[in-house]
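One structure is given below, encoded as structure tokens.
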Amino acid sequence: MAVGHIQFGTSTGTRGQLGPTDVIPVLSRHVLVDGYDVVCDLEASSGSTIVDARTGTRYLDLYSFFASAPLGVSPPVLVRDPAFLAELARVAVNKPANPDMASVAYAEFVETFTRVLGDPQLPHLFFVEGGSAAVENALKCAFDWKSRHNEAHGRPAELGRRVLHLRSAFHGRGGYTLSVTNTDPVKTARFPIFDWPRIDCPAMTFPCVGAALDAVVAAERRALAQAEDAFARHPHDIACFLAEPIQGEGGDNHLRGEFLRAMAALCERHDALFIVDEVQTGVGATGSAWAHTQLGLRPDIVVFGKKVQLGGLMAGRRVDEVPDNVFRVPGRISSTWGGGLVDMVRSRRMLEIMESERLFDRAATLGADLLAALTDVVERHPRLLRNARGRGLLCAVDVADSALRDEAVRRLREDELVLLLPAGEQALRFRPALTIGADELERGVAALDRVATSLGRTRIRRVETGAPSPGPDSSTPSPAPSPSPAPSPSPAPAPSAQDSPAPSSSTQQKGQR
């Protein structure tokens, strides 16, 4: 077709003839290349195996692109489905503005999402590209809701601009989310942030029984007292409380259901929304569609991303107490692409597979075995490892210090060819695909056991000679320590201990955005 002097539809285009060894040099000329020293071969890689295109080296993938690849890399069930690949290619030719231009593919995705992941009490859906943008829009929903709620009750509509949140939280890198993210100062330093109220994170230590449980309950008292104090200092100005059910980047910190339910009660008493960030914990990783259901929570908004292949939120409950909320007034929240149609088509098919193969139940079963195996490794290396914990396949252990943890990550990658993620100051976190095999998990645990044995010997020699611990691995930066907790107000009544998770062998045991 000719338009003016330009001829369309006749050129085959040109494509550079780059080989695997060219990838890093080409990228390095224009972008910061600070990830793994691997050039992923997307054809040879499969499931939980990542192949380096330069060398053919095969890595056991226990990080799954920061928990965003539910079926692993180049999932065989998708790669070997010509009908699905043809559908994906047809859709990929365009990138329509979903909020303004409906399509069958869009409707099929929404229908599947609602069936597999939906909650009838959270009927409103919003889609956007990325977890950080999803959290941003959840906060906008809360700000709008609180302002209108204040106005309806004779209070200034200008109030309702603060977000109560936890220490060691990671909620993204956007404008609002920078003010609630507080893991690594590199991510937030020198950027303007809001002075929003922050309370301690009463993370559990496992096995959470006896003195450990008493310490967690005491920490919960302090955190609840801090929250009460924040509501008192900012009357009618806190729009919501935002929390991850399990803090991923902050250290794989588990929170008890009692504490989070007590925070939800505080929110209801002070007319604030209760928002759960499930970007990393959602979509089956913990052994159910959402981690918050295992904790007995009834959030007003749930934020998702990663395994869904796009970001977004589900909302309802108290949100609908304000008739003119952001889901009913056009233009209040939106984006050009509304999540991206290609990602929706891929997500729809992945959700269908998760549903038909019962991958959430499988994650619960495999996760229980993984946690039991990690507990055994911790017991064999008590001077080096501790605090085995997990829900479903989201498992972690702590290493004695940051330097040893970083050295463990390096040795796992270079010596054992296993890709694992650090978290917080001392944690090693497992983030496998939902389709990982039991034998692959066994290989990962065995590799950790060997590395722990090696590190234990090194540590003993260094203690005997007075040498320092191994330095941080330069290719896998360690998050800086979290800020020290602020002084706590006087304790509030403690929540009960009735539904604390069992010790770390229990089946009931969040990251980049």
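Could you point to the residue in GLY331, GLY316, MET344 farthest towards the positive end of the range 315-361's charge dipole, with +1 and -1 charges on the Cβ of Lys/Arg and Asp/Glu respectively?
Sorting the options by dipole projection puts first GLY331.
Among the DSSP beta bridges whose two residues both lie in the range 94-355, what percent are antiparallel, rounded to the nearest 5? Walk me through the numbers on the way to the answer.
Numbers: 11 of 24 bridges.
Antiparallel: roughly 45 percent of the beta bridges in the range 94-355.
Over the range 359-463, what is the mean sequence separation of C-alpha contacts under 8 Å (at least six apart), divided by residue count, expressed as relative contact order in percent? Write out the running numbers ahead of the final one.
Values: 145 pairs, mean separation 27.8, N = 105.
Across the range 359-463, relative contact order equals 26 percent.
How would MET354, MET101 rank on accessible area, largest to smallest, probe 1.4 Å? Please report the intermediate quantities before stating the final value.
Numbers: MET354 5, MET101 120 Å².
Solvent-accessible surface, decreasing: MET101, MET354.
Run the dipole for the range 359-463 about the Cα centre, Lys and Arg Cβ at +1, Asp and Glu Cβ at -1, nothing else charged, and hand back the magnitude in debye, nearest 20.
Result for the range 359-463 is approximately 380 debye, rounded to the nearest 20.
Among rounded, prolate and oblate, which fits the range 21-149 when a ≥ b ≥ c are the square roots of the eigenvalues of its C-alpha gyration tensor, a/c under 1.5 means rounded, and a/b larger than b/c means prolate? Kindly include the intermediate steps, with their values, before the conclusion.
On the way: a/c = 2.12, a/b = 1.59, b/c = 1.33.
In terms of gyration-tensor shape, prolate.
Taking all protein chains together and a probe of 1.4 Å, list ILE193, ILE199 from the most accessible to the least accessible. Before the final figure, lay out the partial values.
Values: ILE193 90, ILE199 0 Å².
Ranked list, largest accessible area first: ILE193, ILE199.
Does the range 124-241 classify as rounded, prolate or oblate by the C-alpha gyration tensor (a ≥ b ≥ c root eigenvalues; a/c under 1.5 gives rounded; else a/b over b/c gives prolate, otherwise oblate)? Could you put the intermediate results ahead of the total?
Numbers: a/c = 1.96, a/b = 1.34, b/c = 1.46.
Oblate is the answer for the range 124-241, as a/c is 1.5 or above yet b/c matches or exceeds a/b.
Can you say what percent of the DSSP beta bridges in the chain, counting only those with both residues inside, are antiparallel? Round to 5.
Numbers: 31 of 46 bridges.
Given both bridge residues lie in the chain, the antiparallel proportion sits at roughly 65 percent.
Can you sort ARG358, ARG221 by 1.4 Å-probe accessible area, starting with the largest?
Result, largest first: ARG358, ARG221.
Per residue, how much accessible area does the chain have with a 1.4 Å probe, in Å²?
Numbers: 22360 Å² over 513 residues.
That works out to 44 Å² per residue.
Do me a favour and compute the ellipsoid semi-axes for the range 125-174 from its Cα gyration tensor, root of five times each eigenvalue, largest one first, whole Å. Display every interim value, and only then the final one.
Numbers: eigenvalues 119, 41, 9 Å².
Each semi-axis is √(5λ); the values are 24, 14, 7 Å.
Calculate the length of the line joining the C-alpha centroid of the range 157-178 to that of the range 45-112, in whole Å.
The range 157-178 and the range 45-112 have Cα centres spaced 31 Å from each other.
Need one value: the accessible area of TYR106 in square angstrom, 1.4 angstrom probe, rounded to the nearest 10.
Here the accessible area works out near 50 Å².
Explain nothing, just compute: Karplus ³J(HN,Hα) = 6.51 cos²θ - 1.76 cosθ + 1.60, θ = phi - 60°, for every residue of the range 109-121 in order, whole Hz, x for Gly and Pro.
5, 4, 4, 5, 4, 5, 5, 8, 10, x, 10, x, 7
With charges only on Cβ, +1 for K and R and -1 for D and E, what is the dipole size of the chain about its Cα centre, in debye, rounded to 20? Before the final figure, lay out the partial values.
On the way: 56 positive and 61 negative charges, 108 e Å.
Value, rounded to 20: 520 debye.
Residue by residue through the range 175-191, what is 3J(HN,Hα) from phi via Karplus (6.51 cos²θ - 1.76 cosθ + 1.60, θ = phi - 60°)? Round to whole Hz and write x for glycine and proline.
x, 6, 5, 4, 7, 10, 8, 8, 9, 9, x, 4, 7, 10, 4, 6, 9
Percent of accessible area on the chain owned by carbon and sulfur, 1.4 Å probe?
C and S atoms contribute 54 percent here.
Give the residue from ALA427, LEU455, ALA438 lying farthest towards the positive end of the charge dipole for the range 359-463; charges sit on Cβ (+1 for Lys and Arg, -1 for Asp and Glu) and the dipole is referred to the Cα centre.
Looking along the dipole axis, the top candidate is LEU455.
Using a simple charge model, +1 on the beta-carbon of Lys and Arg, -1 on the beta-carbon of Asp and Glu, nothing else, what dipole does the range 94-355 show about its Cα centre, in debye to the nearest 20?
With only Lys, Arg, Asp and Glu charged at Cβ, the dipole is about 260 debye.
The values are calculated or read from the model by the stated rules, or taken from the named source; none is laboratory data. Computed from a predicted model, the values in this text were never measured in an experiment. Note: ideal-geometry Cβ built from the backbone for every residue, glycine included; neighbour counts use all protein chains shown. For the accessible areas, the whole protein counts, side chains as well, though only heavy atoms, and no ligand, DNA or RNA atoms are used. Shrake-Rupley method; radii C 1.70, N 1.55, O 1.52, S 1.80 Å.
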